Amino acid sequence: MNIISYIFFTFVIVGTFFAILRIYLGPTAPDRLVGMSTMTTLTTVLLVFLGYFFNRYVYIDVALVYAILSYIGEVSIARYLEGGI
Amino acid sequence: MILTIIGAILILISSAFLFLGAFGIYRLPDVYNRLQAATKSTTLGAFIGIIGVGFLKPEWFLKTLIIAGFLFLTNPVSSHAIGRASCLRGVKPYSGTVVNKTQEFEECRSTKKE
Amino acid sequence: MFIISLLLIIFMIVLAIITIEFNDLLKAVISSGGVSLIASILFYILHAPDVAMAEASIGAGLTIGIFVFALRRTRRWEEEEEDE
């Protein structure tokens, strides 16, 4: 089970690196927003799996709060890009 | 024991999907292609991974199902908002993905006449 | 776990440099959201889930929303350098 955990951490952290690279060199503003959206989804899965890795039940609430609230930020930036807020 | 094996296999599949989605973010040439890689592959990977944690610990299954349901509802809505905003802003699609059959037909006919 | 924390701290420093250096303000708002996200993971790894929850809710939802409202009222620096 330990080997699977480290494989998962390696893949997710390399994926976060690609998303940060897209935030750095995206030519337009929606590109950067796509990178941000990918990073929030990866982070939610990482938080749930770290809750399993530390074996605590209470830690999963953070992932629940993050999954609800990251939606508001992305939709507000998208509405700003569209023109009316 | 069988639940542990199922959960481990689900988590390996989910890590492959998440890595391929993030690699598509880096590799594809356009906003719309990147958005497709981001929303489809990453949503499926997140869903499978969170359900896999629920299989590994069967007493946590209800809360993981709630988190997966929230991701499954909110992620397509936000990606649709991003696509609509970039379309209304006038971001041009990548020239390899645009299909214009009449222009191709005219070019073909004009070359055949000569 | 030490190597994961080290990589996350390096990513956080890179995002903070992006936030400060660039000229477009919307870029800075998105990058500051990323900084708050990685800070939330680091609090989580240090076994402080309540601080991580507060950091996630404030940094992800409220700060980005309020910055975008302020950006709507003032202006985004797009006139000097062409971004599109």
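The values are calculated or read from the model by the stated rules, or taken from the named source; none is laboratory data. What you see is a predicted model, and the numbers here were worked out from it, not measured in a lab. Virtual Cβ from ideal backbone geometry, glycine too; neighbours counted across all protein chains shown. Each accessible area value is taken on the protein alone, full model and side chains, heavy atoms only, with ligands, DNA and RNA left out. Shrake-Rupley method; radii C 1.70, N 1.55, O 1.52, S 1.80 Å.
Before moving on, here are some points about what is shown:
- Among the residues of A:48-56, the average count of other protein chain beta-carbon atoms within 10 Å of the residue beta-carbon is 6.
- FRET E, pair C:I17, A:E82, Förster distance 22 Å, beta-carbon r, rounded to 0.05: 0.15
- Accessible-area ranking of A:D61, C:D50, A:D31, largest first, probe 1.4 Å: C:D50, A:D61, A:D31
- Charge dipole of chain A about the Cα centre (unit charges at C-beta), most positive-ward option of A:S37, A:Y52, A:Y71: A:Y52
- Mean separation of Cα contacts under 8 Å (6+ apart) over length of segment B:2-109, as relative contact order %: 28 percent
- Note that segment B:2-109 presents 54 Å² accessible area per residue, ligands and nucleic acids not counted, probe 1.4 Å.
- Cα-based reach from B:K40 at 29 Å (exclusive), listing lysines while leaving out same-chain residues under 8 positions away: B:K57, B:K63, B:K92, B:K101, C:K27
- In order along segment B:78-88, the Karplus-derived 3J(HN,Hα) couplings, from 6.51 cos²θ - 1.76 cosθ + 1.60 at θ = phi - 60°, round to 5, 6, 5, 5, 5, x, 5, 5, 6, 6, 6 Hz, and Gly and Pro are given as x.
- Cα gyration tensor shape for the protein assembly as shown, rounded if a/c is under 1.5, else prolate or oblate: oblate
- The chymotrypsin sites (Phe, Trp or Tyr not before Pro) of segment A:1-73 meeting both criteria, a DSSP state outside H, G, I, E and B (loop) and at most 15 other C-beta atoms within 10 angstrom of the site's C-beta, are A:Y57.
- Crossing angle, helix C:25-45 versus chain C [Cα axis fit, 0-90 degrees, rounded to tens]: 10 degrees
- Of A:A67, A:A19, A:A29, the residue with the greatest mean-square motion in the GNM of chain A, using alpha carbon springs below 10 Å, is A:A29.
- Shape of chain C, Cα gyration tensor, a/c cut at 1.5: oblate
- Carbon and sulfur %, accessible surface of chain C computed with the full protein complex present, 1.4 Å: 71 percent
- Of the residues A:G35, A:G51, A:G73, the one that moves most in a GNM of chain A with alpha-carbon contacts below 10 Å is A:G73.
- Per residue solvent-accessible surface (Å²) - segment C:2-83, probe of 1.4 Å: 53 Å²
- Each residue of segment B:7-24 was assigned a 3J(HN,Hα) from its phi angle through the Karplus expression (A = 6.51, B = -1.76, C = 1.60, θ = phi - 60°), giving x, 5, 5, 5, 5, 5, 4, 5, 5, 5, 5, 5, 5, 5, x, 5, 6, x Hz with x at Gly and Pro.
- Normalised contact order of chain A, rounded percent, pairs of Cα under 8 Å and 6 or more residues apart: 21 percent
- Segment A:1-57: trypsin sites (Lys or Arg not before Pro) falling in loop per DSSP and having at most 16 other Cβ within 10 Å: A:R56
- Ranking B:I51, B:C108, B:F61 by Cα position along the charge dipole of segment B:42-114, where only Lys, Arg, Asp and Glu carry charges on their C-beta atoms, puts B:C108 farthest toward the positive end.
- Averaging the sequence gap over all C-alpha pairs within less than 8 Å and six or more residues apart, then dividing by the number of residues, gives segment C:2-83 a relative contact order of 30 percent.
- As a calculated quantity, the FRET efficiency between B:N100 and A:N55 at R0 = 51 Å, using C-beta atoms, amounts to about 0.35.
- Heavy atoms of chains B and A lose about 4000 Å² of accessible surface on contact, summed over both sides with a 1.4 Å probe.
- Whole-Hz couplings from phi, Karplus 6.51/-1.76/1.60, listed for segment B:50-67; x for Gly and Pro: 5, 5, x, 5, x, 6, 5, 10, x, 7, 9, 5, 5, 5, 5, 5, 5, 5
- Straightening the chain between B:K92 and B:L44 buys 14.5 nm, computed as 0.36 nm per residue apart minus the Cα-Cα spacing.
- The Cα atoms of chain A give a gyration tensor whose axes a ≥ b ≥ c have a/c of 1.5 or more with a/b no greater than b/c, which makes the shape oblate.
- For C:D50, neighbours were defined as the other residues whose beta-carbon sits under 15 Å from its Cβ, and their charges (Lys and Arg +1, Asp and Glu -1) total -1.
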